[in-house]
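Quick notes on the structure that follows.
The values are calculated or read from the model by the stated rules, or taken from the named source; none is laboratory data. The structure presented is a predicted model; accordingly, all values stated were derived computationally and were not measured. Here the Cβ positions follow ideal geometry from the backbone for every residue, glycine too, while neighbour counts run over all protein chains shown. What goes into the accessible areas is simple: the full protein's heavy atoms, side chains included, and nothing from ligands, DNA or RNA. Shrake-Rupley method; radii C 1.70, N 1.55, O 1.52, S 1.80 Å.
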Amino acid sequence: RVVPFSCLLATLYTFGKLNHDNELIAMRSSGLHILQISRPVIIFGVIASLVVFWVNNSFVPRSLAYTERVKDELFSENQEAEKHKPQTLYNVCMYGSNNRLFSVTAFSTATETMEGITILEHDAEQNLTRKVVAAKGTYLDGKWIFHKVISYDFDEEVQVKGEPRYEEEQIMDIRETPTDFINQKQKPAYMNIAQLKDYLRKFSESNATSVIRRLKVDLFQRFTEPFSSLVIILLGIPFSLKMRKRATGLSSVGVLLIVGFLFYVTNAVSVAFGYAGFLPPWLAVSLTQILTLIISFVYIARLP
């Protein structure tokens with residue numbers, strides 16, 4: 001968020017100075033349109049957005065993961081104490097042994113039980129071979145006991161083979177322990193775009209709709225968020241062109257800072273609606289940018 005506001009202040013200063021020195025009047029008198037005058041700034045915004053996109057995808061996930069590992073090492077004793085505190089984890093997703101993908105609606109560390117379980121089993125080529133759905137799972141004496149279990153087998157065409165099998169109770173051959181589910185919960189923030197796409201693909205065949213929806217929002221946000229710099233620059237152009245007098249300039253800066261604040265608040269609300277399912281993921285992450293672009297071009301078109 002520092003980069004967009006830096007671009008915003010740079011736009012304000014550049015065009016405010018040109019306007020104050022009557023340079024813009026000279027350029028407009030020669031027949032140049034506002035967008036032609038703004039071309040270098042817009043190009044800079046595109047370059048800044050592409051650099052932010054590259055850094056966010058290449059370095060930020062690894063640095064966050066490294067920071068987390070350092071924190072775990074520094075506060076290992078506190079982490080151990082936290083692990084033993086009773087808590088309930090929601091929407092736990094994990095890729096386990098034997099090409100199994102686990103999706104759990106709720107996991108209680110106190111009772112070591114899971115609810116809303118979906119397990120997708122894949123072959124070596126990641127083709128779906130079996131699906132297991134259970135209402136509840138309990139870890140007793142080193143074994144997982146699932147309740148109300150429905151199993152589906154799939155053929156090479158990923159079509160259901162035979163009839164689904166139902167068992168009221170079944171002992172599952174699963175190596176993962178409750179500790180594994182706690183420790184191996186993957187965070188999308190630590191993944192780059194390729195890893196996040198692969199992680200989302202693995203969950204696409206499960207019924208974990210809330211998890212899939214959140215992953216899609218996170219994925220689309222990786223593409224839209226870096227271009228906030230360009231959008232903010234376009235928003236700043238019409239305001240900065242009014243900064244000729246000191247009073248007008250201060251007023252424009254104040255209004256623009258308020259608009260910038262509203263930009264991030266609106267974006268946060270829109271993303272939250274995407275997580276909750278009220279908006280499609282692609283619209284939730286791009287709605288604020290679309291509205292800002294419309295407002296920017298409307299103000300630019302109204303300039304004298």
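General remarks:
- Looking only at segment 150-202, and only at residues there that are hydroxyl-bearing (S, T, Y) and under 17 Å from the mean Cα position of the chain (by Cα), the one that is modelled with the highest pLDDT: Y190
- Filtering H147, H122 for residues that are at negative phi and at pLDDT below 90 leaves a single hit, H122.
- Scanning segment 110-135 for residues that are in contact with a His (Cβ under 8 Å, 6 or more places away or on another chain) and open to solvent by 20 Å² or more (accessible area, probe 1.4 Å) gives T129, A135.
- Output for segment 259-304, where each listed residue is open to solvent by less than 80 Å² (accessible area, probe 1.4 Å) and not in a helix (DSSP H, G or I): G277, L279, P280, L303
- Among the criteria (1) modelled with pLDDT under 90; (2) in contact with a Lys or Arg (Cβ under 9 Å, 6 or more places away or on another chain); (3) closer than 20 Å to S210 by Cα, the one M114 does not fulfil is (1).
- Restricting segment 136-174 to residues that are among the β-branched types (V, I, T) and closer than 17 Å to V104 by Cβ, the residue that is most open to solvent (accessible area, probe 1.4 Å): I150
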